[in-house]
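> Following this message is one structure expressed as structure tokens.
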């Protein structure tokens, strides 16, 4: 799979904007905005990896929107950028700190650019990292093909809605994929995909700045109503109840307890991909 370059939303001084564009070189994709309000809209509508705010651009009117950005979207790091040192810049940094911004990048030196690269070094989202960190150790001893299935499904779940699309991503026919799970007496690939997508939903709904409709569209549902019907069919609860009652950590533990741990024996024999895919056997 081709890695997608991380997205950065910015409100930057013109000089910082130009330098960021020059430094991108395919490593990340800047989305430049002219106001904090516009950045909030961008973060609400798509998977943004970080937000950069030039201290010099933050006048009083802009500062009013920063707490909504920081606390409304806690999974997206908001970073103050400095490229010049002055009394005004120092004052604005203090103001940003009071608004909840805890990270600073100084783009005057190499260390600042290195920190930016480290911040964006993993193109997966924090949610994907959290799921992988919990699930993959539970798959110790399973074949590489099986681990590949789960890793690919976890990474692709936000934008993949069907087993057919997932199978295409994995380079195997959907019928083959489903039959291998069936023969192994495992839950279907569709069930695993649906459960992982609900983990993303739980994580997204924890952000106060995202509405249920925002989450539905971020997860490629055709409408908020479609998202609600899916929750009722899978969990028997409404989207509002899901938001209020199901936290990400609890949902992740439930996923492991119900869909991984009871099937460890079957998963150790599962090789769901084509024979051409490398398989080093159990690890």
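Values in this text are rule-based calculations from the coordinates and carry no lab data. For clarity, every value in this text was computed on a predicted model and none was experimentally measured. Please note: Cβ atoms are built from the backbone with ideal geometry, for glycine as well, and neighbour counts cover all protein chains shown.
> May I have the extent of the alpha carbons of segment 226-270 along their three principal axes, as whole Å values ordered from largest to smallest?
Largest to smallest, the principal-axis extents are 39, 21, 12 Å.
> Then there is this: Would you mind computing the Rg to Rh ratio of segment 1-43 from its alpha-carbon coordinates, Kirkwood style for Rh?
On the Cα set of segment 1-43, Rg over Rh gives 1.02.
> Hey, another quick one. Rounded to the nearest 0.05, what FRET efficiency do residue 71 and residue 241 give with R0 = 22 Å and r taken as the Cβ-Cβ distance? Could you check?
Calculated transfer efficiency: 0.40.
> Over the chain, what per residue volume does the convex hull of the Cα atoms give, in whole Å³?
Roughly 140 Å³ of hull volume per residue.
> Right, next: Does anything in segment 22-36 have its amide N under 17 Å from the 7 Å Cα→Cβ label point of residue 59, and if so which residues?
Residues passing the 17 Å test: 34-36.
> Determine how many Å³ per residue the convex hull of the Cα atoms of segment 94-157 encloses.
In segment 94-157, the Cα convex hull volume per residue is 123 Å³.
> Rounded to whole Å, give me the distance from the Cα center of segment 11-85 to that of segment 227-251.
32 Å
> Rounded to the nearest 0.05, what FRET efficiency do residue 19 and residue 132 have when you use their Cβ-Cβ distance and R0 = 41 Å?
0.80
> Taking the Cα atoms of segment 7-119, report the difference between the largest and smallest coordinate on each principal axis, in whole Å and largest first.
Ordered largest first, segment 7-119 gives principal extents of 35, 33, 22 Å.
> Also: Rounded to the nearest 0.05, what FRET efficiency do residue 173 and residue 90 give with R0 = 51 Å and r taken as the Cβ-Cβ distance? Could you check?
Result of the calculation: an efficiency of 0.25.
> Pairing the Cα long axis of helix 224-234 with the longest principal axis of the chain, what angle in degrees results, from 0 to 90 and rounded to the nearest 10?
40 degrees
> Quick check on segment 126-267: what does the Kirkwood estimate of hydrodynamic radius come out to from the alpha carbon pairs, in Å?
15.6 Å
> How big is segment 55-118 in terms of Cα radius of gyration and Dmax, in angstroms?
Cα only, segment 55-118: 11.8, 32 Å (Rg, Dmax).
> Using only Cα atoms, find the angle between the long axis of helix 174-183 and the longest principal axis of the chain, and express it within 0 to 90 degrees, rounded to the nearest 10.
Helix 174-183 sits roughly 60 degrees off the main axis of the chain.
> Another question, if that's okay. For residue 103 and residue 118, compute 0.36 nm times the residue count separating them, minus their Cα-Cα distance, and round to one decimal in nm.
Using 0.36 nm per residue and subtracting the Cα-Cα distance, I get 4.1 nm.
> Moving to a separate point now. Between the helical axis of 14-24 and the dominant principal axis of the chain, each derived from Cα atoms, what acute angle in degrees is found, rounded to the nearest 10?
30 degrees
> Still on this structure, I have one more. Please state, as a whole number in µm²/s, the translational diffusion coefficient that the Stokes-Einstein equation yields for segment 58-168 at 20 °C and 1.002 mPa s, with Rh defined as the Kirkwood radius across alpha carbon pairs.
124 µm²/s
> Nearest 500 deg cm²/dmol is fine: what mean residue ellipticity at 222 nm does the chain get from its DSSP H runs of n ≥ 4 alone, each adding -39,500 (n - 2.57), divided by its residue count?
When only DSSP H runs of four or more count, the value is -15000 deg cm²/dmol.
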